[in-house]
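Asker: Can you keep this structure in mind? I'll have questions shortly.
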Amino acid sequence: MLHWIKRWRDWAMRDIREFFAAMQRTGTPRLEAIHFSYEKAGILVRNEPIPWNADAVLVEAMIRFPANVARRKTAFTLRYPGQPQLAASSLHRHSDTDLFRLQFRLPPLRQSLDVEVFWNSKLLGHCVLPLLSLEQFIEGLRVDNATVFVRLGEYTVPCQAFLAAQCKGLMATAVLNSPTSLAPLLDLDLAVEFVDCRTREVQTAPVRLIAPQLSANQALVTVAAMRRPRRIGVWAVEWRISGRSLARSEVRIVSQNSFRRSLYMADTRYVVIEKEGSPTLTRHLPAHGEHSRLGPCFLIGSREPGMAALCPLEVRVQSRAGSHSVLLAQEMLVTDGPTLFTPGTVGPSDLQQIAAFELYHRTQMLGLLSTSPAPVASFTSEGGYRPPEDYGWSSASEEELSDRLARLSELSLE
């Protein structure tokens, strides 16, 4: 009896071993996905063309194993033309799924490659590793929104012109854009050249990026000139890489006289603080009693394109008796876009003594704002008119006259 049982056990074990051997011969791992990436100075960039200066190339395959197949990385190889087959560097189970992560590590590419993943001698899949050449990378690199900034006192202002005596520093900023990540820039000499066009003196400022910028395909960068301009003239600011120009702009250093001649008053307003306490701006002088305080508002600008400069301004009060006094003296940042200058407000009792607010730059009067109502024309019996009292004409007065003439024209047409 025992002898018969032993023979039956041996027969059963032989059949079981043959069954599992057959299953192992027929079961094949399945390739679910394949990806590639590259390393550059410790930065890992995934699924982008492999640059010519990559430190290493990684091919990663996601494998699903049948239950009866041994999970050995030595069974996998990577094959590509002109090279011996490459063994897998690692095989790990994916933390979130039942897939396994298979990785191959390749040397830097010299050309685009079609690589194939094998399990034993069976092809599981393939992918193409595209090569990004130096010429292709530079061709796709763009410098957008290149702007020159100047430091004026506490301000840092974008400009195209400034005063040499006021400049505390010159900077250039731009947005780098590329179809791929900016990691290849690590081996390239990207720099900004500040060139004095009169003396041809060149200051070179290298551009450096941090890891998050290198991993992205867009980066905002800023560089500063080592020495600031001191003479009137033109400076060129050029972004260059490997001997090629990517962007160029110019900035002018103008004289004090040129800046002073370029100043103008673009417009005037009245600052009205109503009795409820809310300030408003108006073009026309409000009626007496409709406000608790009133003051001038001047819009100052420069006709010099792209100008930025600190300008000392002074608001003087012209009394009805003919005397002048200073209401406020202040240094303002003036550009080619109108700058709002509001020196303050006065009460109704003080306003009755004021004929006009005058705006000065040093000894140069830029404009005035009258506090008197516009004079009314008084005609004589002979058809003439009596000349009005002295009145400080301003842009607000001009606009009020145009408005009244327009309304008069509408009435005549009706």
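We did not get these values from a lab; they are worked out from the coordinates using the rules stated. From a predicted model like this one, the values you see are computed outputs, not experimental measurements. We place every Cβ from the backbone using ideal geometry, glycine too, and count neighbours over all the protein chains shown.
Asker: Would you pull out the residues with amide H under 5 Å of residue 263's amide H, same chain only if 5 or more places away, H placed 1.01 Å from N?
Answerer: HN-HN under 5 Å from residue 263: 303.
Asker: Then there is this: Under a plain spin-label model, where a point goes 7 Å from the Cα along Cα-to-Cβ, how far apart in nm are residue 227 and residue 147?
Answerer: With each label point 7 Å from Cα toward Cβ, the separation is 2.8 nm.
Asker: To continue, here is another question. Please work out the FRET efficiency for the pair residue 188 and residue 96, using the Cβ-Cβ distance as r and a Förster radius of 56 Å; give the result to the nearest 0.05.
Answerer: 0.90
Asker: Seen from all sides and averaged, what is the projected area of the convex hull of the Cα atoms in region 219-285, in nm²?
Answerer: With the hull built on Cα positions only, its mean projection is 10.2 nm².
Asker: Given a Förster distance of 45 angstrom, what is the FRET efficiency for residue 303 paired with residue 39, based on the Cβ-Cβ distance and rounded to 0.05?
Answerer: Computed FRET efficiency for residue 303 and residue 39 comes out at 0.25.
Asker: Treating only the Cβ of Lys, Arg, Asp and Glu as charged (+1, +1, -1, -1), what charge dipole size does region 135-254 show about its Cα centre? Round to the nearest 20 debye.
Answerer: 580 debye
Asker: Then there is this: Using Cα centres only, tell me the gap between region 259-302 and region 161-223 in whole Å.
Answerer: After rounding, the separation between the Cα centres reads 42 Å.
Asker: If you take the Cα Rg of region 258-370 and divide it by 2.2 N^0.38 Å, with N the number of residues, what do you get?
Answerer: Taking N as the residue count of region 258-370, the ratio is 1.09.
Asker: How would region 135-254 be classified by its alpha-carbon gyration tensor: rounded, prolate or oblate, with rounded meaning a/c under 1.5 and the a/b versus b/c comparison settling the rest?
Answerer: prolate
Asker: With a Cα-only, solvent-free Debye model of region 29-132, what are the log10 I(q)/I(0) values at q = 0.13, 0.16, 0.19, 0.22 Å⁻¹?
Answerer: -0.45, -0.67, -0.93, -1.19
Asker: Could you tell me which of rounded, prolate or oblate describes region 185-230, using a ≥ b ≥ c as the square roots of the eigenvalues of the alpha-carbon gyration tensor, with rounded for a/c under 1.5 and, failing that, prolate when a/b is larger than b/c and oblate otherwise?
Answerer: Prolate, since a/c reaches 1.5 and a/b exceeds b/c.
Asker: Show me the GluC sites (Glu not before Pro) within region 266-322 that DSSP assigns to loop and that have at most 15 other Cβ atoms within 10 Å of their Cβ.
Answerer: Qualifying residues, ordered by number: 274, 276, 290.
Asker: I've got another one for you. When DSSP assigns beta bridges and you keep just the ones with both residues in region 29-132, what percent turn out antiparallel, to the nearest 5?
Answerer: In region 29-132, approximately 95 percent of DSSP beta bridges are antiparallel ones.
Asker: Working out 0.36 nm times the residue gap between residue 118 and residue 79, then minus their Cα-Cα distance, what length gain in nm do you get to one decimal?
Answerer: So the chain would gain 13.3 nm between residue 118 and residue 79.
Asker: Find out how many positive minus negative residues lie around residue 90, taking Lys and Arg as positive, Asp and Glu as negative, among other residues whose Cβ is under 9 Å from that of residue 90.
Answerer: +3
Asker: Size of the dipole of region 271-346 about the Cα centre, Lys and Arg at +1 and Asp and Glu at -1 on the beta carbon, nothing else charged, in debye to 20?
Answerer: Computed charge dipole of region 271-346: roughly 260 debye.
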